[in-house]
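Asks: Questions regarding the structure given below will be posed in turn.
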Amino acid sequence: MTKKKAIVIIDGSNFYYKLKELELLHKSLFDYHSFTKHICKSYTVVHKYYCIGKIKAKQEDTKAREMMAKQQSLVTRLQKDGFVIQYGFLLKTDHHFKEKGVDIQMAVDLMRSAYRNEYDVAFLVSSDSDLLPVVKEVQEIGKTVVYVGFAHQSSFALLKNCRESRLLTKADLLPFVSQR
């Protein structure tokens with residue numbers, strides 16, 4: 001029997017902050033490759049997307065340059081593990097950064113791959129309810145979206161509208177966190 005085809009789309013910033021809320025250490029060393037294999041164990045993964053706002057830094061901004069170097073290290077590791085990196089951008093407002101364009105990129109990945117019939121099941125690792133319209137659309141054309149969220153703070157809208165859901169606990173995530 002042929003395994004169903006799957007794609008995985010990870011909202012990088014959303015995932016990072018959920019790990020932080022769970023007080024998991026060494027978030028930048030999280031093993032996304034093994035995590036993806038775990039959540040998709042009975043599927044053939046055809047695409048893995050990691051979506052994040054790209055950090056840019058001026059030469060004199062030491063902190064931003066450090067953040068940029070860490071992000072580039074993560075991106076390099078993810079690319080070696082077969083992830084396609086999809087960038088949005090960061091917009092600075094009142095001394096805070098806000099990610100822009102990431103959810104649109106995730107929606108494009110879901111739609112494009114659905115219309116090309118590249119997958120049967122999409123594993124959406126994000127709690128962003130802005131993705132609800134695209135979730136409904138791809139399911140209407142016969143695809144299944146599995147919401148992969150966090151038990152401590154799940155998205156009611158995605159829980160209600162995705163055909164399947166997997167809520168992760170701290171214990172579920174510990175095997176993928178470096179113990180350094």
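Since every read-out is calculated from the coordinates, none of them should be taken as a lab result. Note that this is a predicted model, so its numbers are computed, not measured. Please note: Cβ atoms are built from the backbone with ideal geometry, for glycine as well, and neighbour counts cover all protein chains shown.
Asks: Given 0.36 nm per residue, what is the gain on full extension from Ser178 to Tyr115 after removing their alpha carbon distance, in nm?
Replies: 18.9 nm
Asks: Ok, one more. Once the other residues with Cβ under 9 Å from the Cβ of Val45 are scored (Lys, Arg +1; Asp, Glu -1), what is the net sum?
Replies: +3
Asks: Calculated FRET efficiency, Ile141 and Ser42, Cβ-Cβ r, R0 22 Å, to nearest 0.05? Each step should come with its number before you reach the end.
Replies: Values: r = 22 Å, r/R0 = 1.02.
Once rounded, the FRET efficiency stands at 0.45.
Asks: Once Lys and Arg get +1 and Asp and Glu get -1 on their Cβ, which of Gly149, Leu168, Ala6 lies farthest toward the positive end of the dipole of the chain?
Replies: After comparing all options, I get Ala6.
Asks: Where the only charges are on Cβ atoms (+1 Lys, Arg; -1 Asp, Glu), what is the dipole of region 68-115 about its Cα centre, to the nearest 20 debye?
Replies: Computed about the Cα centre, the dipole is about 160 debye.
Asks: Then there's this: Can you put His95, His47 in order of Cβ neighbours within 10 angstrom, beginning with the fewest?
Replies: On the way: His95 5, His47 18.
By the 10 Å Cβ count, ascending: His95, His47.
Asks: Given charges of +1 on the Cβ of Lys and Arg and -1 on the Cβ of Asp and Glu, with all other atoms neutral, how large is the dipole of region 85-180 about its Cα centre, in debye to the nearest 20?
Replies: Result for region 85-180 is approximately 180 debye, rounded to the nearest 20.
Asks: Compute a Gaussian network model of the chain, connecting alpha carbons closer than 10 Å, and tell me which residue from Lys41, Lys170, Lys58 fluctuates the most.
Replies: So, out of Lys41, Lys170, Lys58, the one fluctuating most is Lys58.
Asks: Give the lysines reachable from Lys5 as a straight Cα distance under 26 Å; neighbours fewer than 8 places away on the same chain don't count.
Replies: Cα-Cα hits under 26 Å: Lys37, Lys41, Lys48, Lys80, Lys136, Lys143, Lys160.
Asks: How far, in nm, would the chain grow between Val84 and Ala57 when pulled straight, counting 0.36 nm per residue and subtracting the alpha carbon separation?
Replies: 7.5 nm
Asks: Moving to a separate point now. Using θ = phi - 60° and the Karplus relation 6.51 cos²θ - 1.76 cosθ + 1.60, list the HN-Hα couplings for region 27-33 in order, rounded to whole Hz, with x at every Gly or Pro.
Replies: 4, 6, 9, 4, 8, 5, 4
Asks: Ok, one more. Can you give me the relative contact order of the chain as a percent, contacts being Cα pairs under 8 Å and 6 or more apart?
Replies: Result for the chain is 27 percent.
Asks: For the charge dipole of region 31-99, defined by +1 on Lys and Arg C-beta atoms and -1 on Asp and Glu C-beta atoms about the Cα centroid, which residue among Phe97, Ser42, Val75 has the Cα displaced farthest towards the positive pole?
Replies: So the residue we want is Ser42.
Asks: Just checking my list (1) -0.44; (2) -0.25; (3) -0.33 against log10 I(q)/I(0) by the Debye sum over Cα atoms at q = 0.08 Å⁻¹ computed from this structure; which label fits?
Replies: Matching entry in (1) -0.44; (2) -0.25; (3) -0.33: (2).
Asks: Between Gln153 and Asp130, what is 0.36 nm times their sequence separation minus the Cα-Cα distance? Round to one decimal in nm.
Replies: Contour length minus the Cα-Cα distance gives 6.7 nm.
Asks: If you don't mind, another one. Taking the 0 to 90 degree range and rounding to the nearest ten, how far is the long axis of helix 102-115 tilted relative to the main principal axis of the chain, both from C-alpha atoms?
Replies: So the inclination is approximately 30 degrees.
Asks: Also, quick follow-up: Using +1 at the C-beta of Lys and Arg and -1 at the C-beta of Asp and Glu, which of Ile85, Val108, Val134 has the Cα lying farthest in the positive direction of the dipole of the chain?
Replies: Ile85
Asks: With +1 on each Lys and Arg Cβ and -1 on each Asp and Glu Cβ, and nothing else charged, work out how big the dipole of region 7-176 is about its Cα centre, in Debye to the nearest 20. Write down the numbers at each step before the final one.
Replies: Numbers: 25 positive and 20 negative charges, 67 e Å.
Roughly 320 debye, rounded to the nearest 20.
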